[in-house]
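Colleague: Quick one: structure below, then a few questions.
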Amino acid sequence: MEVVTEITNVEFGKMINAAANALQDNAEKINKLNVFPVPDGDTGTNMTLSMASGAEYERDEIDLRLGALAKATSKGLLMGARGNSGVILSQIFRGFANAVKDEDVLTARTLADGLMGGAETAYKAVMKPTEGTILTVIREAAAAANQAAKQSDDAVMVAKAAYDAAETALATTPDLLPVLKEVGVVDSGGQGLVIVLEAFYAVLSGQEIKHDAVDNAGLEAMIKELHNAGVQGELNPESIEFGYCTEMMVDLSVGTTYDTDFDYDQFYAYLAELGDSLLVINDEEVVKVHIHTEHPGKVFEWGLKYGSLRKTKVDNMRYQQEEASVAAQQTKDAQNDEAIQVDLAVIGIAAGSGVQNLFKSSGANVIIDSTQAPSTADIVSAIQASGAKQALVLPNDSNIFMAADQAKSMLDIPVEIIKTRTVQQGLTALLVGFNPDAELTDNAQNMTMAINDVKSGSVTTSVRDTTIGGLEIHVGDAIGLLDGTIVIAEPEGDIQMAAQKLVEKMLDEDDEIVTIIYGADATESDAQKLATFIEKLDDEMEVEIQAGDQPLYPIYLAVE
């Protein structure tokens, strides 16, 4: 194995892009490590999109000093961070970047310093650090890298030590966090970090990095993220350097034009010279490419050398931007007109058109769709677009807390994050605690107190077999969660029966009202049947039914 005493911009770029690709390949594997067997486990997706944003910023950075490239990667991760796992990953790279900010290249020593800086910053970013998580994995990886750097000037050995220690630490996460042991999984965020460090080691050691079969759905999400990052709504069409969004799918080693066997590095390097926002994903049979370029023909000609073009697409982004700029200006004008009357913006984060309308009617004037966890940049943009002088944010999901906090730190207006863990808490905070004429801090205090007035229930379908809290759960069971804890598992996916048993657990003699919010996979008739059941339990209980259209959860219940 060749000794690597210096990591230049070339190696570093390969490391970051390899990590982004590896996370993409393993996103579904990481998603399945969600402790709860609910269908919205998205750690892998969030880490993939966060890292893809970091890789995009790194590729676009013109300063080739390692300190500048690390800073660009960190900025991209910061802006693209989704979910708590994505935010912690961004903090690891933030600490890494700060530790190597003055370096032209990386050595074994400074690589280790970067990892130690990443561990320190990540721990500081979490108010109550929990062992048995990604934090444990980065701490152990950094410590091992530090020891290796004391003994060798070979960056490969440092990367290997970090990767090996990360794998070992990941295996111990169930011993440190009892819920992981009970469910029989390792920490999902820690698994994502192991994949990142494995990619770093593979690049530095010269290993061939093989990607799993091309995941078109996941890749399309990444392409959308990269495209949007490269072409902002405020951008002047004339300032777009590379004007054609170009995509192709190539069937490798077939067709009349095929004359070159596929080599990832060679294939990527040529395309990198033709533009930016480059994404190359391949398996043994197919390679898919996304790039912003001035020469779509050269991209296609390059693909033809390696096989047969199955699919091509070219969009003129300058033309698109002209249309988008007109629409954006019209929207901005409308927002500015409204902003004259809006001193305080209330930002509700929710999925489902009905749920979003409930937030609007309850006092939220800006809605962020949470069908996919919003990034830090999404939250920042929403607050800035409101034109308000101060803002309240209702995340309605604990997995959005860190991205919201990160967005707050990037804004120059007062912002309060109300730590609502559920849609039900968010609506209650608005209806009970919000006063548009009150001071920001008073509203934050009153809304936070109001959260205690509601019990949140939800019903969904299990996506895997597990045992948690002593409850045996099978794939396809209807499961009921009370304030985030699974308390019901009903065989054969009987959503109605699970909802009825759940509401029985939720109600006590002091309760006065139950609100049923039915989702996209339920009907008003389902909700009415549940309401009838509740009224038979207590004929004095007031029951309200709302259409939420929320995905994944057929029934939300709020008991007050």
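The values are calculated or read from the model by the stated rules, or taken from the named source; none is laboratory data. From a predicted model like this one, the values you see are computed outputs, not experimental measurements. Note: ideal-geometry Cβ built from the backbone for every residue, glycine included; neighbour counts use all protein chains shown.
Colleague: Given the criteria touching a helix residue (DSSP H, G or I) at 6+ places or on another chain (Cβ under 6 Å) and over 26 Å from Ser362 (Cα atoms), does Glu472 qualify?
Modeller: When the stated conditions are applied, Glu472 does not pass them.
Colleague: Right, next: Please work out which one of (1) out of contact with any helix residue (DSSP H, G or I) (no Cβ under 8 Å at 6 or more places or on another chain); (2) farther than 17 Å from Gly80 by Cβ is the condition Ala388 fails and give its number.
Modeller: Unmet condition: (1).
Colleague: Consider only pairs whose beta carbons are under 7 Å apart and that are at least six residues apart or on different chains; among these, list those whose first residue lies in the stretch 106-132 and is in contact (Cβ under 8 Å) with a residue 24 or more places away in the chain and whose second residue is crowded, with 19+ Cβ neighbours inside 10 Å and among the basic types (Lys, Arg).
Modeller: Every condition considered, the pairs that remain are Ala119/Arg139; Thr121/Arg94.
Colleague: Would you confirm whether any residue within the stretch 53-66 is crowded, with 24+ Cβ neighbours inside 10 Å, in a loop (DSSP other than H, G, I, E, B) and outside the structural domain of Lys408 (by TED's automatic domain parsing)?
Modeller: No, that holds for no residue.
Colleague: Kindly indicate the residue of the stretch 517-546 that is of a type in the set (A, V, I, L, M) and surrounded by 20 or more Cβ atoms within 10 Å (Cβ to Cβ) and also farthest from Asp477 (Cα to Cα) among those meeting that condition.
Modeller: Result: Ile534.
Colleague: Then there's this: Across the stretch 453-480, what is the number of residues that are more than 19 Å from Lys181 (Cβ to Cβ) and free of Cβ contacts under 8 Å to residues at least 40 places away in the same chain?
Modeller: Here the count works out to 5.
Colleague: So which pairs qualify, if the first residue must be in the stretch 367-392 and among the charged types (D, E, K, R) and at pLDDT 90 or above, the second must be surrounded by fewer than 17 Cβ atoms within 10 Å (Cβ to Cβ) and part of a loop (DSSP other than H, G, I, E, B), the Cβ gap must be under 7 Å, and the two must be at least 6 apart or on different chains?
Modeller: Hits for this filter: Lys389/Asp343; Lys389/Ile413.
Residues checked against (1) part of a strand (DSSP E or B); (2) not polar (S, T, N, Q):
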position: Phe262; (1), (2): no, yes
position: Gln266; (1), (2): no, no
position: Leu271; (1), (2): no, yes
position: Leu279; (1), (2): yes, yes
position: Val289; (1), (2): yes, yes
position: His292; (1), (2): yes, yes
position: Glu301; (1), (2): no, yes
position: Lys305; (1), (2): no, yes
position: Lys311; (1), (2): yes, yes
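Colleague: Go through the stretch 237-281 and give me each residue that's buried (at least 17 other Cβ atoms within 10 Å of the Cβ), among the polar types (S, T, N, Q) and modelled with pLDDT under 85.
Modeller: Ser277
Colleague: Among the helices (runs of 4 or more DSSP H) lying completely within the stretch 360-447, list those that include at least 1 residues that are under 22 Å from Gly484 (Cα atoms).
Modeller: In the stretch 360-447, 401-410, 423-428 are the helices (runs of 4 or more DSSP H) which contain 1 or more residues that are under 22 Å from Gly484 (Cα atoms).
Colleague: Okay, moving on. Please work out if Asp539 is out of contact with any strand residue (DSSP E or B) (no Cβ under 6 Å at 6 or more places or on another chain), closer than 29 Å to Val432 by Cβ, at pLDDT below 90 and not in a helix (DSSP H, G or I).
Modeller: Yes, satisfied.
Let's see how each residue does on (1) more than 13 Å from Ala145 (Cα to Cα); (2) under 20 Å from the mean Cα position of the chain (by Cα); (3) at pLDDT 95 or above:
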residue	(1), (2), (3)
Gly86	yes, yes, no
Leu89	yes, yes, yes
Gly95	yes, yes, yes
Thr107	no, no, yes
Thr110	no, no, yes
Asp113	no, no, yes
Gly118	no, yes, yes
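Colleague: All but one of (1) within 24 Å of His290 (Cβ to Cβ); (2) at pLDDT below 95 hold for Asn34; which doesn't?
Modeller: (1)
Colleague: Now for a different question. Could you please let me know if Gly484 is touching a strand residue (DSSP E or B) at 6+ places or on another chain (Cβ under 9 Å), touching a residue at least 40 places away in the same chain (Cβ under 8 Å) and either over 27 Å from Lys360 (Cβ atoms) or surrounded by fewer than 15 Cβ atoms within 10 Å (Cβ to Cβ) (or both)?
Modeller: So Gly484 passes the test.
Colleague: Find the residue count for the stretch 73-105, including only residues that are of a type in the set (S, T, N, Q) and either free of Cβ contacts under 8 Å to residues at least 40 places away in the same chain or not in a helix (DSSP H, G or I) (or both).
Modeller: Residues in the stretch 73-105 being of a type in the set (S, T, N, Q) and either free of Cβ contacts under 8 Å to residues at least 40 places away in the same chain or not in a helix (DSSP H, G or I) (or both): 3 in total.
Colleague: Sticking with this structure for a sec: Take the stretch 253-279 and flag every residue that is under 18 Å from Asn21 (Cα atoms), acidic (Asp, Glu) and touching a residue at least 24 places away in the same chain (Cβ under 8 Å).
Modeller: Asp265, Asp276
Colleague: From the list Lys150, Lys124, Lys160, pick out the single residue that is assigned to a helix (DSSP H, G or I), assigned by TED's automatic domain parsing to the domain that holds Ala108, surrounded by fewer than 16 Cβ atoms within 10 Å (Cβ to Cβ) and modelled with pLDDT of 95 or more.
Modeller: Lys150
Colleague: Could you list all residues from the stretch 384-438 that are closer than 25 Å to Ser353 by Cα and of a type in the set (Gly, Ala, Ser)?
Modeller: Scanning the stretch 384-438 gives Ala385, Ser386, Gly387, Ala388, Ala391, Ser398, Ala403, Ala404, Ala407, Gly426, Ala429, Gly433.
Colleague: While we're on this one: Output the number of the condition that Ala81 fails; it satisfies all remaining conditions of (1) closer than 21 Å to Val194 by Cβ; (2) surrounded by 24 or more Cβ atoms within 10 Å (Cβ to Cβ); (3) modelled with pLDDT of 95 or more.
Modeller: Against the list (1) closer than 21 Å to Val194 by Cβ; (2) surrounded by 24 or more Cβ atoms within 10 Å (Cβ to Cβ); (3) modelled with pLDDT of 95 or more, Ala81 comes up short only on (3).
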